[in-house]
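A short worksheet on the structure shown next.
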Amino acid sequence: MFDVITFYFFGGLAVVSAILVVTARNAVHSAIFLVTALLATAGIFLQLHAEFLFIVQVILYVGGIMVLFVFVIMLVNLDVAARQTQFNRMWPFALLLALIVSGQIYAVVHYAQKGISDPLFQVVAAPASALEPNSELIGQSLFTQYMLPFEIASIMLLVAMIGAVVMAKRKV
Amino acid sequence: MLSITHYLVLSLALFTIGVIGVVTRRNVIIILMSIELILNAVNINLVAFSRLFGDVSGQVFAIFIITDAAAEAAIGLGIIIAFFRNRETVLADEMDLLKW
């Protein structure tokens, strides 16, 4: 019961703030609503017993990436841009695209539920204790099975850091 | 009782809103924010399936996706700052230097 209440609370919060991110006129308002959406997603992670990912989401996304976004919004003068038209004329195409994507995913879920009478698609199957020492399990998996992707990710971060510094320099 | 379908539908809603934002908005910064929304929807799917199977690999992949999102935000915002310095605009349809 508690599960259901928290799911609908955080899920509703995430969807509403996501809609406000896309429709808000001012970019700063968009950023604030994006913070709410990301925090609601973090709540969903916590509800799914992914505690480490919850902390990573709050610290890295909300604390790191969003601060970067707000900094850039402050650097870039948006007073002029806020008074211009905010949407282009692509919305029928966007609506069509959204309908196609949702139809596809809905069809897959529906077919899977109907065709396979597997308990997989009915309930959350595994017991919560399967993921129990969460940070330890993630650390073990990250440093044994996924060692090479981990190193590649660190090299990618280095490349991104150098690239950002070079691009933001005054004289290119 | 919550099933995996609940999480799939929530993730689908966030993904669709993000796609609509990417296609319809003119402001490049908000387009980048919509991309973050899309990546979050993917993360919800990964974590939900990780919970379903009792396997931690989905959460590890979600961490890799968050790392990607950080790198992408840094690079994208660097490009936006460099472009704004040259052309004084952040609107996507005014970025037509390569259009003939």
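Here are the numbers for the structure shown:
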item: Value at 222 nm in deg cm²/dmol, rounded to 500, when DSSP H runs of n ≥ 4 in chain B each add -39,500 (n - 2.57); result: -28000 deg cm²/dmol
item: Simple Cβ-charge dipole of chain B, Lys/Arg +1 and Asp/Glu -1, about Cα centre, in debye nearest 20; result: 100
item: In sequence order, calculated HN-Hα J values of the stretch B:55-71 (Karplus, 6.51, -1.76, 1.60; Hz; x Gly/Pro); result: 10, 8, 4, x, 5, 4, 5, 4, 5, 4, 5, 5, 4, 4, 5, 5, 4
item: Å³ per residue enclosed by the Cα convex hull of chain B; result: 100
item: Sequence-separation-based contact order of chain A, relative, with Cα cut under 8 Å and 6+ spacing, percent; result: 17
item: Taking the convex hull of Cα positions in the protein assembly as shown, its mean projected area over all directions (nm²); result: 15.9
item: Long-range amide H partners of B:Asn27 with built H, under 5 Å; result: B:Ala92
item: Vicinal HN-Hα couplings computed from phi for the stretch B:84-98 (Karplus, 6.51 cos²θ - 1.76 cosθ + 1.60; Hz; Gly/Pro x); result: 5, 5, 8, 10, 6, 8, 10, 8, 5, 7, 9, 8, 10, 4, 8
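Any read-out appearing in this document is the output of simple, stated calculations on the displayed coordinates, not a laboratory observation. A quick note: this is a predicted structure, and the numbers were derived from the prediction, not measured. Note that we place each Cβ from the backbone using ideal geometry, even for glycine, and neighbour counts take in every protein chain shown.
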